[in-house]
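Asks: Before I ask anything, here is the structure I am working with.
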Amino acid sequence: MTLEEVVGSNSTVKKMETVSQALEELLVAAQQQDCVTVGVYESAKLMNVDPDSVVLCILATDEEDEDDIALQIHFTLLQAFCCDNDINIVRVSGMRRLAQLLKEDTEDSNSNEPRDLHCILVTNPPVQPLQCQALQDVGSFCEESRCSNQWVPCLELQDR
């Protein structure tokens, strides 16, 4: 490796960590303002009814989900819809961290199914828009990724 490759990879890692942190902050802030839609089907319904309110689509998987063909087909359709409607989109790994951020019980005491965290939408209602630096940071990251022909950038959320 050359010095440029080492320095470049270190700055890329730091940028990814910064964007991952911004994404976490955005999810917490959006949930506090009731601007989060969770679930593949719930997200598809919302995007069909009001796509202009959606500012970010998060597609989340872990290794065990990679072989789920039905989920991958849903993701492909959601990605196409997001691209057609200029909705920022990001893929993340780290489902446990997502559950922590959204205060989801992975083991529900009422033996109800846990919510489907594979697709999460962040909306920005026109009445009280999200005023959040993290939204701008994640949006800039998505735009930079598109400019370098990476239409669906990937982030990793670390367990804490």
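The values are calculated or read from the model by the stated rules, or taken from the named source; none is laboratory data. Since we're looking at a predicted model, the values are computed, not measured. Backbone-built Cβ (ideal geometry, glycine too); neighbour counts: all protein chains shown. Each accessible area value is taken on the protein alone, full model and side chains, heavy atoms only, with ligands, DNA and RNA left out. Shrake-Rupley method; radii C 1.70, N 1.55, O 1.52, S 1.80 Å.
Asks: Looking at the structure I just gave you, is V152 in contact (Cβ under 8 Å) with a residue 24 or more places away in the chain, outside any strand (DSSP E or B), within 15 Å of the chain's Cα centre (by Cα) and under 23 Å from L46 (Cα atoms)?
Replies: Against the criterion (in contact (Cβ under 8 Å) with a residue 24 or more places away in the chain, outside any strand (DSSP E or B), within 15 Å of the chain's Cα centre (by Cα) and under 23 Å from L46 (Cα atoms)), V152 qualifies.
Asks: Also: Could you run through segment 111-135 and say how many residues are in contact (Cβ under 8 Å) with a residue 24 or more places away in the chain and either open to solvent by 40 Å² or more (accessible area, probe 1.4 Å) or not aliphatic (A, V, I, L, M) (or both)?
Replies: Summing the residues that are in contact (Cβ under 8 Å) with a residue 24 or more places away in the chain and either open to solvent by 40 Å² or more (accessible area, probe 1.4 Å) or not aliphatic (A, V, I, L, M) (or both) in segment 111-135 gives 11.
Asks: Does L98 fit the bill of being buried (at least 16 other Cβ atoms within 10 Å of the Cβ), modelled with pLDDT under 90 and either part of a strand (DSSP E or B) or of a type outside the set (D, E, K, R) (or both)?
Replies: In short, no.
Asks: Checking the structure you have, find out if any residue of segment 60-70 is part of a strand (DSSP E or B) and surrounded by 19 or more Cβ atoms within 10 Å (Cβ to Cβ).
Replies: The answer is yes; a qualifying residue exists.
Asks: Can you find a residue that is modelled with pLDDT of 90 or more, surrounded by 17 or more Cβ atoms within 10 Å (Cβ to Cβ) and among the polar types (S, T, N, Q) anywhere in segment 35-42?
Replies: yes
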